[in-house]
Structure formats: C-alpha cells, structure tokens
Amino acid sequence: MLYQLHEMNRTLLSPLIQWAEASSKLFTNPVSPFAHTPFAQRIAAGYELMFRLGKEYEKPAFDITSTEVNGVKTAVIENVVVDKPFCKLLHFRKDRHAPQLLDLKQPTVLLVAPLSGHHATLLRDTVRALLPDHDVYVTDWTDARMVPLEKGAFHLHDYVYYVQEFIRFLGEGVHVISVCQPTVPVLAAIALMASAKEPVMPKTMTMMGGPIDPSKSPTAVNDLATDKPFSWFENNVIYNVPPNYPGYGRRVYPGFLQHAGFVAMNPRRHAQSHWEFYLHLREGDNESAEEHRKFYDEYNAVLDMPAEYYLETIKTVFQDHALPLGTWDVEGKRVRPQDIGNVALLTIEGELDDISGSGQTQAAHDLCSGLPQKMKEHYTAPKCGHYGIFSGRRWREMIAPKIGEFIRKHA
C-alpha cells in the first residue's frame, strides 16, 4: 500500500506544487507588476523552494552534444545500439566529417553505470571527460516501473549476462569501466568468460569505488545491509508498482524509498543546501542557485529497481560476501576471478569515500590472483569522496587522465 499512498499523496499535492511554480514566476518575471513589489525576491525564493521540494523529478537527459578531439570541436550523437527490456546500450558517436577526424581510431570503452537508485545520467561528467580520447558506450538502465510484467524478471545474474552480451557486441579490445555497484557483477561477468575460455575478452577492466569486499572498512551503507535480516528487506522495502505505470504489478524497490535513504544518510547537509539555495535566490545569486538546481535535478531523479535484483544483491554481495569468499554461483557456474589471466586491472578508490570504504575495491587484486603484477594498478584519489571519483574537478584533473593512461598502456 505504501507505493499507492505515495502516488495518491503526489497527486493531491500536484495542484499546490504547480501553484508554487506559477507564483514564483509571477514574482520574478519583469513584465509582472508583482515582480516590482517590496520583498518580491524573497517571496519568489520561498515559492521556488516549495516547488523544488515537492515536485516530481523526471529522468534528466545526458545533454552531451559536442566534444573536442585533437583540438577540433565535433558534434556528438547519442544512439541506442542495443535495446534490452531492462537496459539500453548507448553510443556517444562522434561526427567525423572534419578532415582531421576521418581516420580517427580511439579505444572503445564500455562504461557500466550503477543500477542502484539513480539514472545513468549521474555519469554525465564521466562520459564528457572520456569522450575526447575514447569511443564511449554507456549502459542506460531502465526504470523497473516502466517495464511491463510480460518482459519477465530481472535477477542479479541477468545483470551479469547483460554485461557479457555488451562486451561480445563491442568485440575484442573493449575496455570496461564500472562505477560503484556494478564492479561486482562486472568482475563476475569477466571471470565467467575467462573460465569458459571465451575468445572475445576485454583488454582492461577499471573498477571505481565498488563493494568488491564490503567487509573491509564497512560504511553506513554496508551496516544497513548487514544489521537487518534478509527477511526485513523482503517485508519492508518491496512493493508492487501501481496501475498508472506500464510495469503495473511488478515487485520493486521504489525509487522514492531509495531517495529517502539517500537523504537520511546526511539530512543536515541537505537541509543546509536548501537553505543556502533560498538565500542565493533571495540575494540574486543566480549562478549559485543554478548549480543547486543542476545537482538536485540529478540527485532527486531516481528509478525503481526490480525486487529480485535488489534482494539478491543485498544477500549475495553484502550479507554473504559471496564474491570475496569464492562461494558465488551464477546459475550453477562458480565465479572464479582467479581464472582471469589477460585482462589488465585498475582499481580506484576515494580517500574520503563514505559509500565504499577503503580497501573494498582494491580487494579485486587479491581475487584476480591469475593476473601478473604488471597488469594490476591501484589508485587512491586524495581528498575525494564517493561522487568525486567520477564527477567534478578531481575526476577530470586526476582520475580521468589516470584511466586514459592505463587504457593506452594496455591497448
């Protein structure tokens, strides 16, 4: 019933939210007489804050239309090259009509985005920084409430199979980069391919801020998954999609619950951020206000996760620690990272990461014991939190060049 109550509440509040949006514009539009009344800016700021706190946030666009290659600005076209029920593989294809780019050959990168609450657009900055020197493909996971029941279930092993299918599609020589949650299924996918001695294998795998071994330096996220029994998650966070969506009846972990969990991890910081947004609007600091809008347009846009995938991730990754303990079977096939012998490994962690603790991602090195030491590298980004390892100044200036250098070295 919680999902239905949430939708009912959203419907009831919709007129109020629309009124707040209209009122905000009424007190800011220069052609409106209300915009020239005393305290108009303060009133408008209050209305916009009310609007943004109550509005529904849709999936943002990547909005990447150009990049610069070898000093030449070129258009970028976003194409869907593989369309699966729960994921689309996007290609950010460069327009190579410029004479300098006709013979352009760049390493192919498969960027595996998290399926952990936010949309793949959270990696917009990651894509932008990789585009000048790489041919970039991204997994764009579908909101489970938009997938009709007849498309079937989506399990953790399906995630593994999707990754394998994308690797085979892109062919030998692809470089796989996984950010946060997908480090685990990506390592499993490549390990299973190595065990099966598949002819098409990636050249490199870069794993960033992921829970390869969550027993190392556990964080609040890890504690939440282990402090409560598995039955608690089944009984308290799984709900059926209501009738107003294509996925009506599908069992999911709803996005609004995940968002509440994100905020609850640091409520004071979010409250302070919204208060500062109000002050920026009141003082006419439009640049700072726009930065707030951009961040929360992304942060507040969440998706529903398939229940079976979410529950299996909780149990397999966080409660059973099946990957580091060597007990993970994917439909009867044991996941053996030690069988990987020719895929170079780079692990990246943030010094201040409070989502994936220190050593959790680096644990992949011990698991991939079949790799020679010369094919393994680790980098800890100084003064970098979880989001900072794939977005922001430190990502662009320190981490992206490190990944580019690693890819060129093993290409």
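The values are calculated or read from the model by the stated rules, or taken from the named source; none is laboratory data. This one's a predicted model, so the numbers in the text were calculated from it and none came from an experiment. With ideal geometry, Cβ positions are generated from the backbone for all residues, glycine too; neighbour counts draw on all protein chains shown.
Is it true that some residue in the range 149-164 is in contact with a Gly (Cβ under 6 Å, 6 or more places away or on another chain), over 24 Å from ILE355 (Cβ atoms) and surrounded by fewer than 22 Cβ atoms within 10 Å (Cβ to Cβ)?
Looking through the range 149-164, at least one residue is in contact with a Gly (Cβ under 6 Å, 6 or more places away or on another chain), over 24 Å from ILE355 (Cβ atoms) and surrounded by fewer than 22 Cβ atoms within 10 Å (Cβ to Cβ).
In the range 95-134, which residues are acidic (Asp, Glu) and either in contact with a Ser or Thr (Cβ under 6 Å, 6 or more places away or on another chain) or farther than 23 Å from GLY209 by Cβ (or both)?
Residues satisfying the conditions are ASP95, ASP103, ASP125.
Does the range 103-120 include one or more residues that are of a type outside the set (Asp, Glu), surrounded by 15 or more Cβ atoms within 10 Å (Cβ to Cβ), more than 18 Å from the chain's Cα centre (by Cα) and at pLDDT below 95?
At the first step, the residues of the range 103-120 found to be of a type outside the set (Asp, Glu) are 104-120.
Filter once more, keeping what is surrounded by 15 or more Cβ atoms within 10 Å (Cβ to Cβ): 106-120.
In the following step, the residues that additionally are more than 18 Å from the chain's Cα centre (by Cα) were identified as 106-108.
Still in the list and also at pLDDT below 95: 106.
Scanning the range 103-120 turns up at least one residue that is of a type outside the set (Asp, Glu), surrounded by 15 or more Cβ atoms within 10 Å (Cβ to Cβ), more than 18 Å from the chain's Cα centre (by Cα) and at pLDDT below 95.
Let's see how each residue does on (1) hydrophobic (A, V, I, L, M, F, W, C); (2) more than 21 Å from GLN360 (Cα to Cα):
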residue: ILE177; (1), (2): yes, no
residue: CYS180; (1), (2): yes, no
residue: VAL184; (1), (2): yes, no
residue: LYS197; (1), (2): no, yes
residue: THR206; (1), (2): no, no
residue: THR226; (1), (2): no, no
residue: ASN244; (1), (2): no, yes
residue: TYR248; (1), (2): no, yes
residue: GLU283; (1), (2): no, yes
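Taking the condition of being at pLDDT 95 or above and of a type in the set (Gly, Ala, Ser), how many residues in the range 356-411 meet it?
8
Is the range 339-346 home to any residue that is assigned to a loop (DSSP other than H, G, I, E, B), within 30 Å of THR204 (Cα to Cα) and of a type in the set (A, V, I, L, M, F, W, C)?
Checked the range 339-346: at least one residue is assigned to a loop (DSSP other than H, G, I, E, B), within 30 Å of THR204 (Cα to Cα) and of a type in the set (A, V, I, L, M, F, W, C).
Got a sec? Which of LEU311, LEU346 is within 28 Å of TRP232 (Cβ to Cβ) and of a type in the set (A, V, I, L, M)?
When all the criteria are applied, what remains is LEU311.
Going through the range 1-25 one residue at a time, which ones are among the hydrophobic types (A, V, I, L, M, F, W, C) and either part of a loop (DSSP other than H, G, I, E, B) or in contact (Cβ under 8 Å) with a residue 12 or more places away in the chain (or both)?
Within the range 1-25, MET1, LEU2, LEU13, LEU16, ILE17, ALA20 qualify.
Each row is one residue, and each column tells you yes or no for (1) surrounded by fewer than 20 Cβ atoms within 10 Å (Cβ to Cβ); (2) farther than 20 Å from MET375 by Cβ.
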{"residue": "VAL186", "(1), (2)": "no, no"}
{"residue": "MET193", "(1), (2)": "no, no"}
{"residue": "PRO199", "(1), (2)": "yes, no"}
{"residue": "PRO214", "(1), (2)": "no, yes"}
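Test HIS378 against the criterion of being out of contact with any His (no Cβ under 6 Å at 6 or more places or on another chain), surrounded by 16 or more Cβ atoms within 10 Å (Cβ to Cβ) and closer than 21 Å to ILE212 by Cα, and give yes or no.
No: the conditions fail for HIS378.
Condition test on LYS151, is it modelled with pLDDT under 90 and among the basic types (Lys, Arg)?
It is false that LYS151 is modelled with pLDDT under 90 and among the basic types (Lys, Arg).
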